[in-house]
Amino acid sequence: MRKIIIFGNSGSGKSTLARKFNNQGLTHLDLDALAWLPSNPPERRPVGQVYEQIQAFIGENKEWVVEGCYADLLELVKPFASEAIFMNLPVHLCQENARNRPLEPHKYASKKAQDDNLPMLLDWIAGYRERDDALSYSAHNALFKDFQGSKIELTYNENT
């Protein structure tokens, strides 16, 4: 049974790759759906609350793919995963992917709202290697190095 975690910078192609696995029969969980409280400005949901939701997802699905940029949440999934994929694309390719994204209706009310957020997202992507938080290169690299199952690091995707 396949149980896959996919992680990397924003715009690296995590969701696109996860959808391909979903089309192969694996149930897809996008951690963006769990990580944030419905507040303005956005605020992270407490990890304990997310843990309960992750446990429920894992218990309800035999084969799955969980993707996101949240190393702290992926650490909760890691003990149950058989495979890890680190989408470690260069920053400029992640930014190019972000510029070319179709509307993400689960995140934005309109394409205009998504486009209005693009400058902030491009800056966020650019800071990936300098940040020192759960959404950073250093956190993803540590997660990847520590993973004991089958693992692969991708430095490009079909979009690049």
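The values are calculated or read from the model by the stated rules, or taken from the named source; none is laboratory data. Please read all numbers here as calculations on a predicted model, not as lab measurements. Note that each Cβ is placed from the backbone with ideal geometry, even for glycine, and that neighbours are counted across all protein chains shown. Side chains are part of the model used for accessible areas, which takes the heavy atoms of the whole protein and leaves out ligands, DNA and RNA. Shrake-Rupley method; radii C 1.70, N 1.55, O 1.52, S 1.80 Å.
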For ASP146: the one exception among (1) modelled with pLDDT of 95 or more; (2) closer than 14 Å to ASN97 by Cα: (2)
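Collect the residues in the range 10-35 that are among the polar types (S, T, N, Q), part of a helix (DSSP H, G or I) and within 14 Å of the chain's Cα centre (by Cα), keeping them in residue-number order.
Matches in the range 10-35: SER15, THR16.
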Residue, surrounded by the most Cβ atoms within 10 Å (Cβ to Cβ), within the range 89-103, restricted to residues that are in a helix (DSSP H, G or I) and touching a residue at least 12 places away in the same chain (Cβ under 8 Å): CYS94
Matching residues in the range 104-119 - criterion: being more than 21 Å from ALA71 (Cβ to Cβ) and open to solvent by 70 Å² or more (accessible area, probe 1.4 Å): PRO105, HIS106, ALA109, LYS111, LYS112, ASP115, ASP116, PRO119
Count of the range 121-153 residues which are of a type in the set (A, V, I, L, M, F, W, C), over 14 Å from the mean Cα position of the chain (by Cα) and not in a helix (DSSP H, G or I): 2
Looking only at the range 36-59, and only at residues there that are part of a loop (DSSP other than H, G, I, E, B) and among the polar types (S, T, N, Q), the one that is most open to solvent (accessible area, probe 1.4 Å): ASN40
